[in-house]
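A quick write-up on the structure given underneath.
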Amino acid sequence: MVIAFIGGASPASALVIDFDDLGPSTLGVHMPTLYQGLQWDLSDWHYLSLANEPNNTFLALAGADTFFFSPAGGEDFFFDGADFWSRRAADANGDFYFILIHDGATVYNGLNDPDGRQRFQGTPQLLAPNYTGPVDGIAFAFDGGGDDWDHLAMDNLRIRPVPVTCQLSGDINADLIIDARDIQPFVECVLGDAGDCECADLDASGVADASDLAMFVTTLLTQTP
């Protein structure tokens, strides 16, 4: 059995990572240490593109014994799958199993799931694990001969950050300090232009709006929520 890991460092927002900004490479280049909030340096994932499609960059494995997990302090995220296919022109069928890690423990092992086998073919298809909880590392296990890693390709990696609960009401930018740097994100929340606005809902009405303004100003001036 061969396992290849992707470790999570800090996915900043909901992402479909297509890797195209890494640029073309017909020979393949090892992934950067950190890319899109994920850590890749201990893996054998390489990015590459086809000569006739230089703007379509994807990932492929260049080795078998490649595994690691999130470093200490890595952020949790949800994994919604990715597009997988075979790089072979012939015998383009293969399979693998997802192994999902959280805080150093395996929370999902596709090898133990009767429906865990992920079958890929010559055309890209979205494959996702039968697990919806938070993770901080992703693995792929290959059984049998264990050689399907050498033609597996991956693109459009789908991840979502785990929502962070407000720790300090009025601390919109989540730096644990209520100060002038919270003003702009508060305004953005009130105008509906921001995503995570729990700390801007000072009156606990369920929405950040103009009714929170007076309480925010008081909180800002007194430094107390």
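Structure values in brief
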{"item": "From phi via Karplus (6.51, -1.76, 1.60), per-residue ³J(HN,Hα) for segment 130-141 in Hz, x at Gly/Pro", "result": "8, 7, 10, x, x, 9, 9, x, 10, 10, 10, 10"}
{"item": "Net length gained if the chain between Asp203 and Asp103 were fully extended (0.36 nm per residue, minus Cα distance)", "result": "32.5 nm"}
{"item": "Principal axis box of segment 107-223, alpha-carbon based, largest edge first, Å", "result": "66, 27, 23"}
{"item": "Karplus-derived 3J(HN,Hα), 6.51/-1.76/1.60, for each residue of segment 207-222, Hz, glycine and proline x", "result": "8, 8, 8, 4, 5, 8, 4, 4, 5, 5, 4, 4, 4, 5, 6, 9"}
{"item": "3J(HN,Hα) from dihedral phi, segment 101-114, Karplus parametrisation 6.51/-1.76/1.60, rounded to Hz, x for glycine, proline", "result": "10, 9, 6, x, 10, 7, 9, 8, 10, x, 5, 9, 9, x"}
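Every number in this text was worked out from the coordinates using simple rules, so none of it is lab data. Remember, predicted model here, so these are calculated numbers, not experimental data.
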